Amino acid sequence: MTLAARSFRRLSRRLCLQAIGASLVAAAATPALADTYPSHPIRMIVPYLPGGVTDVMARAFARAIGDKLGEGVVVENKPGGNTLIATQVVAASPPDGYTIFFMDLSLLSYNAYLYKQPPYDLTRDFVPVTSVAEIPLGLAISSTVPANNVKEFIAYAKSHPNQLNYASTASGGLPHLGMENFKAVTGTEVIHVPYKGASAAITDLIGGQVQVMFNDISTSVQYISTGKMKVLAVSGDKRMDKLPDVPTFAELGMPALSVSAFMGIVAPKKTPPEIVARLDAAIRAASKDPQIAEYMKTNNLVPRVTSGTELSGIMAAEQQKWRGLVSKLSLTID
């Protein structure tokens, strides 16, 4: 063997040993990092303004998670860009468990498809931690519409093509896609009227300026009880406690019309599994907090705590459901 060959062989062996050593160090470091985690406050990014349902839930969970982990969890509101500003902040954050994202995971699942050049990829940029609640949406109509159930409304809409208007809280949001899905499944033609929030949309629904919308019904119970609004069906696995007479879409044999938002937490991709597991355990414990349980009950939120694997499946199903519709209808918001 020549001197050059022997030198190359020694160099290769040294590099191999260095690589093995680095791997062993990294493997040993991960549990050590998990053992000391968290050693300083965690920031919880929320993509909405303070005061909404998601923000209030995030703050309640931040307090309870912090109690379980023995370290503070600080909520940072980063609204704007149809949640993209916050999404990109989380995606670009170090995967060390000190940045987590609390939001509507259904929106996170499909939002990228609404852009010609998506600014993030769900699989590439995030790791699911757990969901915490489901927000079933319901099909609400103005009391001026002569229909008292879903079949009657479908028949009425078909007999009045392009004469009815539907409200959404924003273009690209779940209420928007929910009604587009309704139209596609039922073969109805209803005109979209986007609003800049739920309050104005509900006001016009009550006033009859728009006739129908998919909405978080928990915000409208007062209008339903006074007859200003009719709810024909709700999403989810069971009827709402405050609306026991309103059937689910599943009961009606129309599961394809069901639309729900899933509230939960994800972290930047490559966050160590041990840290994800610690976060998951803390979130599960936090979900049993009496204040959180009472808030969910009061606001008709359905507790829905899942594992990261289960949540990954839910988000993949949401992607599959909405990607086809967005593509078929050529829906874009840029």
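Being in the same structural domain as SER106 (by TED's automatic domain parsing), buried (at least 20 other Cβ atoms within 10 Å of the Cβ) and at negative phi is a property that ILE202 lacks. The conditions of being at pLDDT 95 or above and either hydroxyl-bearing (Ser, Thr, Tyr) or in a helix (DSSP H, G or I) (or both) are met by ALA281. Note on segment 219-237: among residues that are surrounded by fewer than 20 Cβ atoms within 10 Å (Cβ to Cβ) and under 20 Å from the mean Cα position of the chain (by Cα), the one that is nearest to PRO146 (Cα to Cα) is THR219.
This table checks each residue for (1) outside any helix (DSSP H, G or I); (2) in the same structural domain as MET213 (by TED's automatic domain parsing); (3) crowded, with 24+ Cβ neighbours inside 10 Å.
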{"site": "VAL145", "(1), (2), (3)": "yes, yes, no"}
{"site": "ILE154", "(1), (2), (3)": "no, yes, no"}
{"site": "ALA157", "(1), (2), (3)": "no, yes, yes"}
{"site": "SER171", "(1), (2), (3)": "yes, yes, no"}
{"site": "THR188", "(1), (2), (3)": "yes, yes, no"}
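On the given criteria, is THR309 touching a Gly at 6+ places or on another chain (Cβ under 9 Å) and loosely packed, with under 13 Cβ neighbours inside 10 Å? Answer is no for this residue. Residue check: LYS328 meets all listed conditions (1) without any contact (Cβ under 8 Å) to a residue 60 or more places away in the chain; (2) assigned to a helix (DSSP H, G or I) but one, namely (1).
Of all residues being part of a helix (DSSP H, G or I) and out of contact with any helix residue (DSSP H, G or I) (no Cβ under 6 Å at 6 or more places or on another chain) in segment 84-104, which is farthest from SER260 (Cα to Cα)? Just the residue, please. Top of the filtered list is VAL89. If you go through segment 91-109 one residue at a time, how many are surrounded by 23 or more Cβ atoms within 10 Å (Cβ to Cβ), under 18 Å from GLN319 (Cβ atoms) and at pLDDT 95 or above? The number of residues fulfilling the criteria is 1. Scanning segment 132-165 for residues that are out of contact with any strand residue (DSSP E or B) (no Cβ under 9 Å at 6 or more places or on another chain) and of a type in the set (Gly, Ala, Ser) yields ALA155, SER159.
Residues are listed down the side, and each one gets a yes or a no for (1) crowded, with 19+ Cβ neighbours inside 10 Å; (2) in contact with a Lys or Arg (Cβ under 9 Å, 6 or more places away or on another chain); (3) of a type in the set (D, E, K, R):
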| residue | (1), (2), (3) |
| --- | --- |
| ASN111 | yes, no, no |
| THR123 | no, yes, no |
| ILE135 | yes, no, no |
| HIS160 | no, no, no |
| GLN163 | no, no, no |
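Scanning segment 241-272 for residues that are more than 17 Å from the chain's Cα centre (by Cα) and either assigned to a helix (DSSP H, G or I) or surrounded by 21 or more Cβ atoms within 10 Å (Cβ to Cβ) (or both) turns up PHE249, PRO255, ALA256, LEU257, THR271.
What number of residues within segment 70-83 are of a type in the set (A, V, I, L, M) and surrounded by fewer than 20 Cβ atoms within 10 Å (Cβ to Cβ)? Qualifying residue count, segment 70-83: 2. Being outside the structural domain of ILE154 (by TED's automatic domain parsing), touching a residue at least 60 places away in the same chain (Cβ under 8 Å), within 27 Å of PRO47 (Cα to Cα) and under 20 Å from the mean Cα position of the chain (by Cα) is true for just one of ILE292, ILE275. Which residue is that? Exactly one of ILE292, ILE275 is outside the structural domain of ILE154 (by TED's automatic domain parsing), touching a residue at least 60 places away in the same chain (Cβ under 8 Å), within 27 Å of PRO47 (Cα to Cα) and under 20 Å from the mean Cα position of the chain (by Cα), namely ILE292.
If the condition is being under 19 Å from HIS40 (Cβ atoms) and among the basic types (Lys, Arg), then segment 67-98 contributes only LYS68.
The values are calculated or read from the model by the stated rules, or taken from the named source; none is laboratory data. Predicted model, so just to flag it, every value in this text is computed and none were measured. Don't worry about glycine lacking a Cβ; one is built from the backbone with ideal geometry, like all the others, and counts go over all protein chains shown.
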